[in-house]
1. Cys75 is checked against (1) part of a helix (DSSP H, G or I); (2) out of contact with any helix residue (DSSP H, G or I) (no Cβ under 8 Å at 6 or more places or on another chain) and fails just one. What number does that condition carry?
2. Being closer than 15 Å to Tyr126 by Cβ and either more than 7 Å from ligand 2 (Cβ to nearest atom) or not assigned by TED's automatic domain parsing to the domain that holds Tyr123 (or both) is the filter here; which residues of segment 62-84 pass it?
3. Scan segment 85-98 for residues that are without any contact (Cβ under 8 Å) to a residue 40 or more places away in the chain and either exposed (fewer than 10 other Cβ atoms within 10 Å of the Cβ) or more than 13 Å from ligand 2 (Cβ to nearest atom) (or both) and jot them down.
Amino acid sequence: MAVIVKQVELSWLDRTYFWPIFKGMVITMRHFLRQITTRTKDRYTVQYPDMKREMPEGYRGLHELKRFEDGAIKCVACFMCAEACPARCITIRAEEFSDLNLTQGFEEKRPAIFKIDMLRCIYCGYCEEACPKDAIWLRKDYELAAYDRLSMQFGKWDLMNTYADVDGKARLTQESEKEIKIHHGDTESTEKR
Ligand code: SF4
Ligand code: SF4
């Protein structure tokens with residue numbers, strides 16, 4: 001149902017812009033004075049980057065593509081996440097896959113390419129909700145920086161390996177990564193950020 005939002009009329013005082021700036025400065029000064037008059041141990045200062053901020057439950061940060069115990073990707077390239085994505089920032093190319101050695105059994109499809117353009121993503125979490133395989137998670141990690149746009153295109157192996165597991169297990173070493181790629185016949189070269 002459409003909602004009509006009333007436009008707020010600015011008073012002549014607001015239109016001078018001095019009054020809103022003054023009000024903003026009062027708030028800033030209030031915080032400043034409170035900060036310098038509070039005892040050091042009661043101050044809330046995160047010494048970033050040495051200290052990391054604990055993000056609240058439900059925070060939607062960077063993505064991770066989950067794996068099975070044997071290292072195989074959980075994603076079956078069903079395109080549900082890409083369809084649900086309002087920013088159209090997920091690119092998937094599926095490939096057929098039939099490895100009977102997998103502990104998880106036979107899967108018909110997997111992504112040959114899975115890319116997320118982190119610059120277009122709005123971290124809405126729809127991809128996570130749409131996934132029928134619980135294969136894509138939005139983690140609490142929030143640090144994201146690069147020197148060029150291309151580096152913000154996260155590929156399949158970036159999304160699978162960027163983070164340690166939720167239960168604290170270390171991420172896979174490069175050697176075990178190579179073994180998994182050979183075992184699963186993955187021909188895709190590691191997509192570097
Ligand atoms: S979080 Fe939202 S915008 Fe980002 S990839 Fe998922 S569905 Fe798309
Ligand atoms: S991440 Fe989930 S929804 Fe997206 S293609 Fe893979 S299995 Fe389907």
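1. Going through the list (1) part of a helix (DSSP H, G or I); (2) out of contact with any helix residue (DSSP H, G or I) (no Cβ under 8 Å at 6 or more places or on another chain), Cys75 breaks only (1).
2. Looking only at segment 62-84, we keep the residues that are closer than 15 Å to Tyr126 by Cβ, and these are 63, 78-84.
Residues satisfying the conditions are His63, Glu83, Ala84.
3. Ala87, Arg88, Glu96, Ser98
Let's see how each residue does on (1) under 11 Å from Val76 (Cβ atoms); (2) modelled with pLDDT under 85; (3) in a loop (DSSP other than H, G, I, E, B):
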position: Leu102; (1), (2), (3): no, yes, yes
position: Ala112; (1), (2), (3): no, no, no
position: Lys115; (1), (2), (3): no, no, no
position: Ile122; (1), (2), (3): no, no, yes
position: Glu128; (1), (2), (3): no, no, no
position: Pro132; (1), (2), (3): yes, no, yes
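The values are calculated or read from the model by the stated rules, or taken from the named source; none is laboratory data. Because the structure is predicted, anything quoted here is derived from the model rather than measured. Positions of Cβ are generated from backbone atoms using ideal geometry, with glycine treated the same way; all protein chains shown enter the neighbour counts.
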